[in-house]
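Q: This structure is in structure tokens; I'll ask about it shortly.
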Amino acid sequence: MNPEKHQFERDLKLDVEARVRRGVKAVLEEVLEEEMTQHLQAGYRELTPTRRGERNGYYQRNLLTPAGRIERLTVPRDRESEFVTELFERYKRMTGDVEEAVLEMYLSGISVRKIAGVTDALSKVRIGKDAVSRIASRLEEQQKEWRERSLEEKAYPYLYLDATYLKVRWGARVTSTALLVCVGVDEEGFREVLAVEVAGSEKGAAYASLLRGLIDRGLSGVRLVISDDHEGIKKAVSGELPGAEWQWCVVHFERNVLAHVPASSMAEVVQDLKAIFKVRRKKTAEALAEEFAELYEKGYPKAVAVFEAGIEDALTYLSFPGSHHAKLRTTNMLERLFKEVKRRTRVVGVFPNETSALTLATEIALRSSEEWALRRYLTMDALQGAEKPNPQHSRH
């Protein structure tokens, strides 16, 4: 075929596909607006006796459809964060399962030819080896754009930092590679995965590098970082975010204390320890902490030593609005995200390299967190009206 004619036909095909996607995008956005109107029982700025709430702007997300990937689909949001569209779940069922299976096979080191054979034999959806390569290439490009995206548009008062481990092959050896994840809560109270990175270990340099990368992309307004008692994290927070407070995850703190309590006395000590974190006033919590230390210092001196060394950092959250306490005390939200990553990567077992581990783990984290944009995590009015607390924890 004439090269010029071939190029013309290729350009024409791409143009047609782009036009189709734009048309699909316009239709989907009309559907979403209509769904919101039905949800509120009122149109835009329409006052009716049956109105059930108010619109609250828009957010953008990508959506995979049979017409291709729709970029920056504009989705309406209501003030009460109760609006949930059936549209996304419908398309996820249609395209997500097959594509995710393909990606898991590809990233675990199976050749594209073998994947094509498997999908042809087991699925009604035929995916050839060229399609597998395109799926993987598109995913890597999308993640590259995501990792480099600007964070300048809004502030992120709260950050959650933690890590989990994945098995990766290095030559003839299999090693554990740390997967570092940072989730932010923005000034409107919505959660967002800000970074997913791999590192040889959880050393301070890795966390410092992660935070510097976020700052270079425009991260600002951080007032509190929640994590476990990891020296690398504390040092990185102190060095890169000197104006931020640090919160020791209460669950991790309690485990450290209870590790020095015999099983026969565990129930009683647990009850007294947890009581400290159920109150909303700092003075009350500090009084309970003193009572706890006095009550158990003779019987369990090691437990009390750990308790006294860390209780101040475990109570940092009390300097923030009371309505936020339950969400700021722990890294449970990140633990749930890690649980899903582990569940989904278990089928891979050992990754052939770091890149494949990072690519699949990032995709799982992002897909698992897609619903976060639909639900407000915290109401931030109380924080916006509060004075910024002075950093008191020189130890971090």
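Q: Within segment 300-311, does at least one residue satisfy the condition of being of a type in the set (F, W, Y) and either within 28 Å of Y160 (Cα to Cα) or in contact with a Phe, Trp or Tyr (Cβ under 7 Å, 6 or more places away or on another chain) (or both)?
A: Looking through segment 300-311, at least one residue is of a type in the set (F, W, Y) and either within 28 Å of Y160 (Cα to Cα) or in contact with a Phe, Trp or Tyr (Cβ under 7 Å, 6 or more places away or on another chain) (or both).
Q: Quick check on segment 80-90. Is at least one of its residues at pLDDT 70 or above and not in a loop (DSSP other than H, G, I, E, B)?
A: no
Q: Same structure again: Does at least one position in segment 306-315 carry a residue that is in contact with a His (Cβ under 8 Å, 6 or more places away or on another chain), on the phi < 0 side of the Ramachandran plot and open to solvent by 50 Å² or more (accessible area, probe 1.4 Å)?
A: Yes, segment 306-315 has at least one match.
Q: Of the numbered conditions (1) at pLDDT below 75; (2) in contact with a Pro (Cβ under 8 Å, 6 or more places away or on another chain), M105 fails exactly one; give the number of that condition.
A: Checking M105 against (1) at pLDDT below 75; (2) in contact with a Pro (Cβ under 8 Å, 6 or more places away or on another chain), the one that fails is (2).
Q: Within the set of pairs 6+ apart or on separate chains, which have a first residue in segment 38-55 that is farther than 20 Å from V84 by Cα, a second that is open to solvent by less than 40 Å² (accessible area, probe 1.4 Å), and C-beta atoms under 7 Å apart?
A: Going by the 7 Å Cβ cut-off, the qualifying pairs are T48/A42.
Q: Of the residues that make up segment 173-188, is at least one in a loop (DSSP other than H, G, I, E, B), within 15 Å of the chain's Cα centre (by Cα) and of a type in the set (D, E, K, R)?
A: The answer is yes, given that some residue of segment 173-188 is in a loop (DSSP other than H, G, I, E, B), within 15 Å of the chain's Cα centre (by Cα) and of a type in the set (D, E, K, R).
Q: Determine, yes or no, whether A303 is in a helix (DSSP H, G or I), at pLDDT 85 or above, under 30 Å from T74 (Cβ atoms) and open to solvent by less than 10 Å² (accessible area, probe 1.4 Å).
A: So A303 does not fit the description; no.
The values are calculated or read from the model by the stated rules, or taken from the named source; none is laboratory data. Everything numeric in this text was worked out from a predicted model, so none of it was measured. Cβ: placed from backbone, ideal geometry, glycine included. Neighbour counts: every protein chain shown. Just so you know, the surface numbers come from the protein's heavy atoms only, side chains and all, with ligands and any DNA or RNA stripped out. Shrake-Rupley method; radii C 1.70, N 1.55, O 1.52, S 1.80 Å.
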